[in-house]
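Step one of this worksheet: look at the structure below.
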Amino acid sequence: MFGAYRDEQANYSTCVFPRFAFSRPYEAEYVLLKPKEGMRVLDLGCGSGAAAYYLASRRDIEIVCVTNSSVQADICRRKFAKLGGRGQVIVTDFDSLDLPSESFDAIYALESIGYTKNLDAWLVRCWQMLKPGGSLLIRSPGSLDHCRRKEDYLSVTVFFDNWRYNFVGANLLVYKMRRLGFEAIRYRRLPFWAWGLTWNFIQHLVLWKYRLKMRTFVELERIIWRTSKVFVFGNPYNTVLATKPEAASCSRQTLASSEALDGVAETDR
């Protein structure tokens, strides 16, 4: 897709990530993560590496990018080569990621958390990989907060099956993060009209439907007409920023992690 349809500095998102008017893309991420010289950062679901490249170009930091696409990995490596190789790319499913504990100062996932097959284990892994005082930033489109009717659930299920992406709301993320021990959790939920109705959104819709001929957006149009307009246009874009305490209690961390994994095991059974 990149090169043929989109510039490699672009992203997959149909929205413009929330930021100040006339500011650079990913400027908000830079402000929220507050990268400092020498920091080590993990990008889970890096796409073409646009965010990672921007952050690394602003500060002398090391970034580890995770993607399950070898094509995306090659694009990331080309970008990092311009920065003296301060970035590393790992090609794997981030549900299978196995990296040392307390090895990152910050972790972020931009519109990728919905692809995890195990949300609890994903968050536990982030907690373990973060250093005390480290930050976890998650951006995720959509939630099921306004999904009230049976027809809405059936329609949204069609979209989930087609796109393979689960909506994860800010309220659910905050609840699970708090149980793990994260503190100073801040979140913002922007309604659809604040992030979806942009020129970038229209460009992507046309690209996906008419150039790439993806069924997803044909189904999306049907969903919009079938479901409650309150659900469709009230659906928020979620941003959650949490901090791991400087002196995280070992007993609390172990308890929260075991509870989360026990819950996952129970669900599997």
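Within the range 113-121, is there a residue that is modelled with pLDDT of 90 or more, aliphatic (A, V, I, L, M) and more than 14 Å from the chain's Cα centre (by Cα)? Yes; the residues of the range 113-121 include at least one that is modelled with pLDDT of 90 or more, aliphatic (A, V, I, L, M) and more than 14 Å from the chain's Cα centre (by Cα). So, LEU137, is that one assigned to a helix (DSSP H, G or I), at pLDDT 95 or above and open to solvent by less than 50 Å² (accessible area, probe 1.4 Å) or not? For LEU137, the condition - assigned to a helix (DSSP H, G or I), at pLDDT 95 or above and open to solvent by less than 50 Å² (accessible area, probe 1.4 Å) - is not met. Looking at GLY47, GLY85, just one residue is without any contact (Cβ under 8 Å) to a residue 24 or more places away in the chain and either in a helix (DSSP H, G or I) or farther than 21 Å from LEU130 by Cα (or both), and that residue is GLY85. Only a single item in (1) assigned to a helix (DSSP H, G or I); (2) open to solvent by less than 20 Å² (accessible area, probe 1.4 Å) is not met by SER57, and it is number (2). Say whether the condition of being of a type outside the set (A, V, I, L, M, F, W, C), free of Cβ contacts under 8 Å to residues at least 40 places away in the same chain, over 20 Å from SER112 (Cβ atoms) and open to solvent by 100 Å² or more (accessible area, probe 1.4 Å) is met by at least one residue in the range 151-164. Yes.
Of all residues assigned to the range 71-83, at least one qualifies as being under 28 Å from GLU8 (Cα atoms) and touching a Lys or Arg at 6+ places or on another chain (Cβ under 8 Å).
The values are calculated or read from the model by the stated rules, or taken from the named source; none is laboratory data. Predicted model only: the values in this text are computed from it and were never measured. Please note: Cβ atoms are built from the backbone with ideal geometry, for glycine as well, and neighbour counts cover all protein chains shown. With ligands, DNA and RNA removed, areas are computed over all heavy atoms of the protein, side chains included. Shrake-Rupley method; radii C 1.70, N 1.55, O 1.52, S 1.80 Å.
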